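This is the structure I have questions about; it appears just below.
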Amino acid sequence: MTAVPERDSALGDAADQHTPRLTIGEVLAVLRDDFPDVTISKIRYLESEDLVHPQRTPSGYRKFSRADVSRLRYVLAAQRDQYLPLRVIKEHLEALDRGEPLPTAPGGPGSVPPPPAAEVDAEAGVPPLTSEQFARAAGLEPEQLADCVQFGLLATDADGRHPASDLPVARAAAGLARHGIEPRHLRVYRSGVEREAGLVEQLVAPVLRARSEEARTRAAEKLRELATLSAQLHTALLEARLRELLRP
């Protein structure tokens, strides 16, 4: 098998072609600190989706450049922090390769906004928070937090503590409470999410039962994309309904 020519990338530099290239195992070791869930199958899958383009040795082994690693970091961060589907990420990378700006948050072309602090804390292994700590971090009054638990928006562990990953839900509840929407009014969101999750589960469950790690990786990608599309649909429908209120 002949080597594949290097493709230009805005995430690399001119000197990149002269630097030592990494095996797929070495790339995995480089990425693991920032992306603990990444696997060799995941990297192969991203290559199969034309998101990264390692060279091949005459014997067929992959060799990754610094630009390849940068592209992988971009893809993994965009999935984790922005929940973008691979189709959109690919469009972003192609725009970067053409030297075009991206329709993203401030920070320069190709930048991926950092995740909310709560998500970082959860990924960093921060221990669960006491009710007092959690309420203070979320901006909830203690009785509002208790109501969120009572009406199924939040849950606690056996010791009555809250995972940091639940802070985005709690902060949204706190924001709605400032507009007079109490936790008891939010049960409709919970029941709606459970129905949506059930529908998505039916679509992905057969793949999730597969033993192949690559199949499960594909299932995880599908889950992310379905979640993004579901959120977009919910937002669009709600905005359309609310626009009706403004009509004369």
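Since every read-out is calculated from the coordinates, none of them should be taken as a lab result. Given the structure is predicted, the values throughout are model-derived calculations rather than measurements. Positions of Cβ are backbone-derived with ideal geometry, glycine not excepted, and every protein chain shown enters the neighbour counts.
Is segment 131-246 rounded, prolate or oblate when judged by the Cα gyration tensor, a ≥ b ≥ c being the square roots of its eigenvalues, rounded requiring a/c under 1.5 and prolate requiring a/b larger than b/c? Don't jump to the answer; show the numbers that get you there.
Details: a/c = 2.61, a/b = 1.34, b/c = 1.94.
Taking the square roots of the gyration eigenvalues as a ≥ b ≥ c, segment 131-246 is oblate.
Extension gain His185-Ala146, at 0.36 nm per residue separation less the Cα-Cα distance, in nm? Please list the in-between numbers first.
Details: separation 39, 0.36 × 39 = 14.04 nm, distance 1.41 nm.
That pair, His185 and Ala146, stretches by 12.6 nm at full extension.
Shifting gears a bit: Explain nothing, just the number: relative contact order of segment 17-98, from Cα pairs under 8 Å at least 6 residues apart, as a whole percent. Each step should come with its number before you reach the end.
On the way: 63 pairs, mean separation 23.9, N = 82.
In percent, rounded to a whole number, it is 29.
Let me ask another. Per residue Cα convex hull volume for segment 164-227, in cubic angstrom?
Values: hull volume 6.5 nm³, N = 64.
Taking the convex hull of the Cα positions in segment 164-227, it is 101 Å³ per residue.
Let me ask something additional. Pulled fully out, how much extra length does the chain show between Ala205 and Ala231, if you take 0.36 nm times their separation in residues and subtract their Cα-Cα distance? Walk me through the numbers before you get to the answer.
Values: separation 26, 0.36 × 26 = 9.36 nm, distance 2.01 nm.
Using 0.36 nm per residue and subtracting the Cα-Cα distance, I get 7.3 nm.
Please list, in chain and number order, the residues 5+ apart from Leu129 or on another chain whose amide H is under 5 Å from its amide H, with Hs placed from the backbone.
Those qualifying (amide H under 5 Å, at least 5 residues apart or on another chain) are His162, Ala164.
Quote the charge dipole size of segment 131-246 about the Cα centre in Debye, to the nearest 20; the model charges only the Cβ of Lys and Arg (+1) and of Asp and Glu (-1).
Numbers: 16 positive and 17 negative charges, 65 e Å.
The dipole of segment 131-246 has a size of about 320 debye.
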